[in-house]
Every structure is written in C-alpha cells, then in structure tokens.
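Visitor: The structure follows.
The values are calculated or read from the model by the stated rules, or taken from the named source; none is laboratory data. Owing to the predicted nature of the structure, the values given are computational and were not obtained by experimental measurement. Backbone-built Cβ (ideal geometry, glycine too); neighbour counts: all protein chains shown.
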Amino acid sequence: MTTSMKAAERRNVIIRYILILIFAIPMLMPVLWMLTTALKDNAAVFKTPPQWIPESFQWVNFKTAIESSAFFKRFGNTLFIAALCICGSVFSNMCVGYALARFHFKGRKLWFYLIIASMMIPGMVTVVPMFRFWTAIGAYGTWLPMIIPAWLAAPFNTYLTKQFLSTIPRSYDEAARIDGANNLMILMRVIAPLSKPLIAYMTIATFQGVWNDYMNPLLYVISKPDKWTLSLAIARLGSGTYGIEWNIYMAADILYFMPILIIFFFFQDYFMEGLGAMTASGVK
C-alpha cells in the first residue's frame, strides 16, 4: 500500500469518527443532563441559566432513590421475570421455528403465513381482551400474564428462527438421526449449538423487552406493591403527592437503565453477530 493510499485511508477514518462524534452529541445530551440533575439538590435543578456542573455533588441522591423505590426488591422481581421469559422465549421459538424449518406437514405454509400476518396486528388491540382473559382465569395480581406469553413463541422471533434454521444444512440432521438421535436431541445437541447468534439475539431482545415493559405491570400488578417491577416502581417514584423531586427521579432513572447499558456493552458483539447472521439468512 502506497503512502498516499495510507494517508487517504487515515483521513477517511478521522472524518468518520468526527461525523460519529457530531451525531452522538445530541444523543448523549439527555443522558448527561440526567446525570448532572441526579447530582444536584432539588433547588439547583431549576436554576437559570442551567448548571451543567453542580456546585456540590449530591451522591446521597442515589442512596435516597434506592431506598425510596425499594430498588433491590423490585430489581429482583424484574430479574426473575426476565429469566423465565428468556427461557420461555428461546425454548418455544426454537421449537416452533425448528418445526417450520424442518418438518413437512399439511398446512405448514399456511401456519407460517398466519404467524407473519399476526405481526401486523397492533399490540394495543389485544390489551382489553387479554386483560379480560387473565382476570377471568384468576391471574390478575400475579406475574403469569407477563411470563406465560413468552412461552408461546412470539411471531417475530418465530419468523427469524425459521429463516435462520432454514440455512443450516439438513445433512446435520440426517447424520444425527443415523446415530439414533430423535428430533428433540437433534434440536438441543445439533441445531442449538449452531444457532448461538440467534439465541444471543433473542436473549438480549427478550431481556430488554421485559426490562422496559411498563404496560403489563401497570395492568396486572399495580395493586400488589410487593410484585412491582422496577419500571413500575420508578414511574411511581415520579408521581409524588407534593410534586416530583427531579434529582431523586433522575438518579433512579440512571440506576434503572444501567443494567441494559452494561449488558449491551459487554454483549454487543453477540447482538450484532446475531443481527448480521439473521440478515444474511434473510437475504439468502
């Protein structure tokens, strides 16, 4: 590579990073404002002009936010629900996707098209009927309405799983079947290890969905404070009788989104690999 080509490549990299920085600033501004608000006393929040650097750092706001929201209890509730939902989502979607990708049965294409069509139904349309259903069977006030649907194979994840598994050669199945493996063994011992990018994507996406879910906890466990998730607890923290203490509220919000940020930071390679693999399978 010539010196001029190296200089041009270096210049392109510098320009690329400058553009990324310029576009990142508007996205980082709200986060920086949350952080500086969380470190102020409540009176300083409304000062004009705004203070980006607090006169004194009120780290006690984070302690107050943890105590006021019963953070660790609600954190445990949310983590428990997320763990069950991840297990259910991965297991059910892998089973349904495997069946659609590998088995030839009557009506297979019809079921696949129905799954795709169901993705077009707005989620808000099903809120009232589902609420009436869960109430009728006595599940109101429990976590069941938030956990059981994850074990019933989400349409979008089923579609991705079917498309991904269709790219895996059937010769693996045939070789395993010659060795005496049944369908479940093939799925668990052959297909699943080859589907790590897909499983990683579903795991992260399901965790993010459960962690950010506010509607379902609001509908089903609002009357049971001991069963509140973290999203519901943080939202209720911001609805005080005498107004909102914005410094405490922002401190709680920072604590709330930190797990998602940490998970994405450490597992972003798996997440992007999963997206890339699924995009490639869709193109193929």
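Visitor: Quick check: anything in region 102-113 in a helix (DSSP H, G or I) and touching a Ser or Thr at 6+ places or on another chain (Cβ under 6 Å)?
Guide: No: zero hits.
Visitor: Would a scan of region 47-56 turn up a residue that is assigned to a helix (DSSP H, G or I) and on the phi < 0 side of the Ramachandran plot?
Guide: Narrowing region 47-56 to residues assigned to a helix (DSSP H, G or I): none.
No, because not a single residue in region 47-56 is assigned to a helix (DSSP H, G or I) and on the phi < 0 side of the Ramachandran plot.
Visitor: Need the failing condition index for Ser56 against (1) over 22 Å from the mean Cα position of the chain (by Cα); (2) among the small types (Gly, Ala, Ser); (3) assigned by TED's automatic domain parsing to the domain that holds Tyr220, just the number.
Guide: Of the numbered conditions (1) over 22 Å from the mean Cα position of the chain (by Cα); (2) among the small types (Gly, Ala, Ser); (3) assigned by TED's automatic domain parsing to the domain that holds Tyr220, the odd one out for Ser56 is (3).
Visitor: Please state which one of Ala154, Ala65, Ala150 is crowded, with 17+ Cβ neighbours inside 10 Å, out of contact with any Ser or Thr (no Cβ under 8 Å at 6 or more places or on another chain) and closer than 29 Å to Ile234 by Cβ.
Guide: Details: Ala154 fails: out of contact with any Ser or Thr (no Cβ under 8 Å at 6 or more places or on another chain); Ala150 fails: out of contact with any Ser or Thr (no Cβ under 8 Å at 6 or more places or on another chain).
That would be Ala65, the only listed residue that is crowded, with 17+ Cβ neighbours inside 10 Å, out of contact with any Ser or Thr (no Cβ under 8 Å at 6 or more places or on another chain) and closer than 29 Å to Ile234 by Cβ.
Visitor: Are there any pairs, at least 6 apart or on different chains, whose C-beta atoms fall under 8 Å, with the first in region 53-74 and within 16 Å of Thr37 (Cβ to Cβ) and the second of a type in the set (Asp, Glu) and assigned to a loop (DSSP other than H, G, I, E, B), and if so, which?
Guide: Short answer, once both residue conditions are applied: Ser56/Asp41; Gln58/Asp41.
Visitor: Give all pairs with beta carbons closer than 6 Å in which a residue from region 183-202 that is over 17 Å from Val96 (Cβ atoms) and in the same structural domain as Ile260 (by TED's automatic domain parsing) meets a residue that is surrounded by 14 or more Cβ atoms within 10 Å (Cβ to Cβ) and among the hydrophobic types (A, V, I, L, M, F, W, C); count only pairs at least 6 apart in sequence or on separate chains.
Guide: Val190/Ala176; Leu194/Ile168; Pro197/Ala277
Visitor: Determine which member of the set Ala153, Ala136 is in contact with a Cys (Cβ under 9 Å, 6 or more places away or on another chain) and closer than 27 Å to Ile81 by Cβ. Before you say what the answer is, go through the steps one by one.
Guide: Values: Ala136 fails: in contact with a Cys (Cβ under 9 Å, 6 or more places away or on another chain).
Answer to the selection: Ala153.
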